[in-house]
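Heads up, the thing below is written out as C-alpha coordinates.
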Amino acid sequence: MAGGGAGMILYAVPHSLYCAKTRILLRAKGLEWQECSPAQDPAGFAAASPFGNLPALRHRDFGLSDSEAIAEYLDEVFPVPPMLPQTPEARARARERGRFHDTRLEPAVRALFPRVAKPDDAAAGTAMAAVSNRLAQLAALLAHPLPFGLGDCGFAPTFLWIDSLAQDCGLLPCWPDAVLRWRGVLEAEPAVAQELAAYRPHAAAWMAEKRALRAAPG
Ligand SMILES: N[C@@H](CCC(=O)N[C@@H](CS)C(=O)NCC(=O)O)C(=O)O
(Lines give C-alpha, C1' and ligand atoms only; values in the text may rest on other atoms or scores of the structure.)
Protein backbone atom coordinates (compact mmCIF):
# COMPACT_ATOMS: atom_id res chain seq x y z
CA MET A 1 0.00 0.00 0.00
CA ALA A 2 1.66 3.24 -1.18
CA GLY A 3 2.86 5.32 1.73
CA GLY A 4 1.17 3.18 4.38
CA GLY A 5 -2.15 3.63 6.07
CA ALA A 6 -2.96 -0.06 6.56
CA GLY A 7 -5.76 -0.41 9.07
CA MET A 8 -6.78 3.25 8.80
CA ILE A 9 -10.48 4.04 9.17
CA LEU A 10 -11.79 7.57 8.86
CA TYR A 11 -15.19 8.12 10.47
CA ALA A 12 -16.80 10.77 8.32
CA VAL A 13 -19.99 12.04 6.75
CA PRO A 14 -19.87 13.22 3.14
CA HIS A 15 -20.71 16.93 3.61
CA SER A 16 -18.47 17.59 6.64
CA LEU A 17 -15.80 20.16 5.87
CA TYR A 18 -13.57 19.02 8.75
CA CYS A 19 -13.64 15.53 7.23
CA ALA A 20 -12.59 17.08 3.89
CA LYS A 21 -9.80 18.85 5.77
CA THR A 22 -8.54 15.53 7.16
CA ARG A 23 -8.75 13.82 3.76
CA ILE A 24 -6.54 16.60 2.32
CA LEU A 25 -3.91 15.68 4.88
CA LEU A 26 -4.31 11.93 4.17
CA ARG A 27 -3.96 12.61 0.43
CA ALA A 28 -0.92 14.87 0.93
CA LYS A 29 0.71 12.10 2.95
CA GLY A 30 -0.09 9.52 0.28
CA LEU A 31 -1.99 7.44 2.82
CA GLU A 32 -4.86 5.11 2.08
CA TRP A 33 -7.89 4.86 4.28
CA GLN A 34 -11.29 3.27 4.51
CA GLU A 35 -14.21 5.56 5.15
CA CYS A 36 -17.03 4.66 7.50
CA SER A 37 -20.03 6.67 8.70
CA PRO A 38 -20.85 6.69 12.44
CA ALA A 39 -24.12 4.90 11.57
CA GLN A 40 -22.23 2.03 9.94
CA ASP A 41 -20.14 1.38 13.03
CA PRO A 42 -21.61 3.17 16.09
CA ALA A 43 -19.49 1.29 18.63
CA GLY A 44 -16.24 1.90 16.73
CA PHE A 45 -17.14 5.56 16.29
CA ALA A 46 -18.00 5.99 19.98
CA ALA A 47 -14.68 4.41 20.94
CA ALA A 48 -12.73 6.71 18.61
CA SER A 49 -14.79 9.83 19.36
CA PRO A 50 -16.40 9.70 22.83
CA PHE A 51 -17.70 13.26 22.40
CA GLY A 52 -19.26 12.61 18.98
CA ASN A 53 -16.90 14.76 16.94
CA LEU A 54 -16.34 14.16 13.23
CA PRO A 55 -13.80 13.45 11.89
CA ALA A 56 -12.50 10.56 13.96
CA LEU A 57 -9.77 8.13 13.09
CA ARG A 58 -8.98 4.54 13.94
CA HIS A 59 -5.44 3.49 13.15
CA ARG A 60 -4.98 -0.16 14.09
CA ASP A 61 -6.08 -0.17 17.76
CA PHE A 62 -5.72 3.58 18.31
CA GLY A 63 -8.79 5.83 18.12
CA LEU A 64 -8.74 9.63 18.05
CA SER A 65 -10.98 12.53 17.13
CA ASP A 66 -10.56 16.21 16.26
CA SER A 67 -9.03 17.17 12.92
CA GLU A 68 -6.05 18.98 14.46
CA ALA A 69 -5.18 16.15 16.85
CA ILE A 70 -5.52 13.68 13.97
CA ALA A 71 -3.29 15.81 11.73
CA GLU A 72 -0.55 16.09 14.36
CA TYR A 73 -0.76 12.34 15.04
CA LEU A 74 -0.51 11.41 11.36
CA ASP A 75 2.40 13.80 10.87
CA GLU A 76 4.32 12.08 13.66
CA VAL A 77 3.48 8.51 12.67
CA PHE A 78 4.00 9.10 8.93
CA PRO A 79 6.69 11.82 8.89
CA VAL A 80 7.26 11.82 5.11
CA PRO A 81 6.39 14.18 3.57
CA PRO A 82 6.53 16.49 6.59
CA MET A 83 3.47 18.67 7.02
CA LEU A 84 5.07 21.07 9.49
CA PRO A 85 8.04 23.31 8.63
CA GLN A 86 11.57 23.06 10.02
CA THR A 87 11.98 25.81 12.59
CA PRO A 88 10.04 26.22 15.86
CA GLU A 89 8.91 29.67 14.71
CA ALA A 90 7.58 28.40 11.36
CA ARG A 91 5.91 25.42 13.04
CA ALA A 92 4.23 27.78 15.49
CA ARG A 93 3.07 29.97 12.57
CA ALA A 94 1.61 26.92 10.80
CA ARG A 95 -0.28 25.94 13.95
CA GLU A 96 -1.44 29.53 14.41
CA ARG A 97 -2.84 29.50 10.88
CA GLY A 98 -4.61 26.18 11.43
CA ARG A 99 -6.12 27.32 14.73
CA PHE A 100 -7.26 30.55 13.06
CA HIS A 101 -9.14 28.44 10.53
CA ASP A 102 -10.80 26.24 13.15
CA THR A 103 -11.62 28.84 15.79
CA ARG A 104 -12.19 32.06 13.76
CA LEU A 105 -12.85 31.70 10.04
CA GLU A 106 -14.84 28.47 9.96
CA PRO A 107 -17.18 29.45 12.85
CA ALA A 108 -17.93 32.72 11.01
CA VAL A 109 -18.82 30.73 7.88
CA ARG A 110 -20.80 28.19 9.92
CA ALA A 111 -23.12 30.99 11.07
CA LEU A 112 -24.43 31.12 7.50
CA PHE A 113 -25.43 27.44 7.28
CA PRO A 114 -28.85 27.88 8.98
CA ARG A 115 -29.67 30.62 6.45
CA VAL A 116 -29.91 28.09 3.61
CA ALA A 117 -33.02 26.41 5.00
CA LYS A 118 -34.27 29.61 6.66
CA PRO A 119 -33.23 32.70 4.69
CA ASP A 120 -32.94 35.89 6.71
CA ASP A 121 -31.37 38.85 4.89
CA ALA A 122 -30.38 40.77 8.02
CA ALA A 123 -28.78 37.75 9.73
CA ALA A 124 -27.01 36.77 6.51
CA GLY A 125 -25.67 40.31 6.10
CA THR A 126 -24.27 40.32 9.63
CA ALA A 127 -22.74 36.87 9.16
CA MET A 128 -21.19 37.71 5.79
CA ALA A 129 -19.67 40.90 7.24
CA ALA A 130 -18.06 38.72 9.93
CA VAL A 131 -16.68 36.42 7.22
CA SER A 132 -15.18 39.44 5.41
CA ASN A 133 -13.60 40.55 8.67
CA ARG A 134 -12.01 37.10 9.13
CA LEU A 135 -10.75 37.10 5.54
CA ALA A 136 -9.05 40.45 6.20
CA GLN A 137 -7.41 38.93 9.27
CA LEU A 138 -6.31 35.95 7.19
CA ALA A 139 -4.63 38.34 4.74
CA ALA A 140 -2.57 39.67 7.66
CA LEU A 141 -1.60 36.13 8.73
CA LEU A 142 -0.51 35.32 5.18
CA ALA A 143 2.23 37.94 5.51
CA HIS A 144 4.13 35.03 7.10
CA PRO A 145 4.84 32.77 4.11
CA LEU A 146 4.79 29.03 4.81
CA PRO A 147 5.14 25.90 2.69
CA PHE A 148 1.87 24.01 2.15
CA GLY A 149 1.21 22.00 5.28
CA LEU A 150 -0.84 21.07 8.26
CA GLY A 151 -2.14 24.56 8.99
CA ASP A 152 -3.58 24.97 5.49
CA CYS A 153 -5.76 21.90 5.07
CA GLY A 154 -9.04 23.37 6.32
CA PHE A 155 -9.07 26.49 4.18
CA ALA A 156 -9.94 25.11 0.73
CA PRO A 157 -13.15 23.35 1.88
CA THR A 158 -14.14 26.45 3.84
CA PHE A 159 -13.54 28.69 0.80
CA LEU A 160 -15.76 26.35 -1.22
CA TRP A 161 -18.51 26.84 1.36
CA ILE A 162 -18.06 30.61 1.31
CA ASP A 163 -18.67 30.57 -2.47
CA SER A 164 -21.76 28.34 -2.17
CA LEU A 165 -23.26 30.29 0.71
CA ALA A 166 -22.52 33.64 -0.94
CA GLN A 167 -24.23 32.50 -4.12
CA ASP A 168 -27.16 31.23 -2.10
CA CYS A 169 -27.78 34.40 -0.10
CA GLY A 170 -26.70 36.81 -2.85
CA LEU A 171 -24.10 38.56 -0.68
CA LEU A 172 -20.43 38.48 -1.62
CA PRO A 173 -17.75 38.67 1.07
CA CYS A 174 -14.76 40.95 0.55
CA TRP A 175 -11.85 38.78 -0.62
CA PRO A 176 -8.49 40.50 -0.04
CA ASP A 177 -6.10 40.15 -2.99
CA ALA A 178 -3.54 38.32 -0.82
CA VAL A 179 -6.17 35.72 0.12
CA LEU A 180 -7.28 35.27 -3.51
CA ARG A 181 -3.67 34.79 -4.64
CA TRP A 182 -3.01 32.28 -1.85
CA ARG A 183 -6.26 30.47 -2.60
CA GLY A 184 -5.06 29.93 -6.18
CA VAL A 185 -1.79 28.42 -4.99
CA LEU A 186 -3.56 26.29 -2.37
CA GLU A 187 -6.09 24.88 -4.82
CA ALA A 188 -3.29 23.92 -7.21
CA GLU A 189 -1.85 21.54 -4.58
CA PRO A 190 -2.66 18.04 -5.89
CA ALA A 191 -4.07 16.84 -2.54
CA VAL A 192 -6.35 19.87 -2.37
CA ALA A 193 -7.45 19.66 -6.01
CA GLN A 194 -8.26 15.96 -5.66
CA GLU A 195 -10.25 16.47 -2.49
CA LEU A 196 -12.17 19.46 -3.83
CA ALA A 197 -13.14 17.46 -6.92
CA ALA A 198 -14.45 14.64 -4.72
CA TYR A 199 -16.05 16.92 -2.11
CA ARG A 200 -17.81 19.50 -4.31
CA PRO A 201 -20.79 17.24 -5.23
CA HIS A 202 -21.40 16.41 -1.55
CA ALA A 203 -21.43 20.08 -0.57
CA ALA A 204 -23.81 20.78 -3.46
CA ALA A 205 -26.10 17.92 -2.34
CA TRP A 206 -26.21 19.37 1.19
CA MET A 207 -27.15 22.79 -0.20
CA ALA A 208 -29.92 21.28 -2.34
CA GLU A 209 -31.27 19.29 0.62
CA LYS A 210 -31.41 22.38 2.84
CA ARG A 211 -32.90 24.59 0.12
CA ALA A 212 -35.67 22.04 -0.32
CA LEU A 213 -36.67 22.66 3.30
CA ARG A 214 -37.53 26.29 2.58
CA ALA A 215 -41.17 27.09 3.00
CA ALA A 216 -42.83 27.39 -0.37
CA PRO A 217 -43.49 31.07 -1.12
CA GLY A 218 -47.03 31.80 -0.08
N1 LIG B 1 -12.69 21.26 16.05
C2 LIG B 1 -13.35 20.09 15.49
C3 LIG B 1 -14.57 20.56 14.72
C4 LIG B 1 -15.22 19.44 13.94
C5 LIG B 1 -16.69 19.65 13.70
O6 LIG B 1 -17.28 20.71 13.96
N7 LIG B 1 -17.29 18.60 13.19
C8 LIG B 1 -18.71 18.58 13.00
C9 LIG B 1 -19.00 18.01 11.63
S10 LIG B 1 -18.27 19.07 10.38
C11 LIG B 1 -19.30 17.68 14.06
O12 LIG B 1 -18.65 16.76 14.50
N13 LIG B 1 -20.52 17.92 14.48
C14 LIG B 1 -21.20 17.07 15.43
C15 LIG B 1 -20.75 17.29 16.86
O16 LIG B 1 -19.85 18.09 17.13
O17 LIG B 1 -21.35 16.64 17.72
C18 LIG B 1 -12.36 19.35 14.58
O19 LIG B 1 -11.44 20.00 14.09
O20 LIG B 1 -12.49 18.13 14.38
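The values are calculated or read from the model by the stated rules, or taken from the named source; none is laboratory data. Just so it is clear, the structure is predicted and the values come from calculations on it, not from any experiment. No Cβ is skipped: glycine too gets one built from the backbone with ideal geometry, and neighbour counts run over all protein chains shown.
One residue alone among 127, 69, 94, 136 is at pLDDT 95 or above and under 30 Å from residue 213 (Cα atoms), and that residue is 127. Would you check which residues across segment 48-68 are surrounded by 15 or more Cβ atoms within 10 Å (Cβ to Cβ) and not in a loop (DSSP other than H, G, I, E, B) and list them? Within segment 48-68, 48, 56, 57, 58, 59, 63, 64, 65, 67, 68 meet the criteria.
Answer yes or no: is there a residue in segment 70-91 that is under 22 Å from residue 204 (Cα atoms) and either within 14 Å of the chain's Cα centre (by Cα) or of a type in the set (D, E, K, R) (or both).
Filtering segment 70-91 down to residues under 22 Å from residue 204 (Cα atoms) leaves none.
Within segment 70-91, not a single residue is under 22 Å from residue 204 (Cα atoms) and either within 14 Å of the chain's Cα centre (by Cα) or of a type in the set (D, E, K, R) (or both).
Check whether at least one residue in segment 126-140 is in contact with a Lys or Arg (Cβ under 6 Å, 6 or more places away or on another chain), surrounded by 18 or more Cβ atoms within 10 Å (Cβ to Cβ) and within 30 Å of residue 74 (Cα to Cα), and report yes or no. Within segment 126-140, one or more residues are in contact with a Lys or Arg (Cβ under 6 Å, 6 or more places away or on another chain), surrounded by 18 or more Cβ atoms within 10 Å (Cβ to Cβ) and within 30 Å of residue 74 (Cα to Cα). When residue 74 is tested against (1) touching a His at 6+ places or on another chain (Cβ under 9 Å); (2) touching a residue at least 60 places away in the same chain (Cβ under 8 Å), just one condition goes unmet, and that condition is (2).
Only a single criterion out of (1) within 13 Å of the ligand (Cβ to nearest atom); (2) over 21 Å from residue 103 (Cβ atoms); (3) in contact (Cβ under 8 Å) with a residue 24 or more places away in the chain is not satisfied by residue 46, namely (3). When segment 1-31 is filtered for residues that are touching a Leu at 6+ places or on another chain (Cβ under 8 Å), modelled with pLDDT of 95 or more, more than 14 Å from the ligand (Cβ to nearest atom) and in a loop (DSSP other than H, G, I, E, B), only 31 remains.
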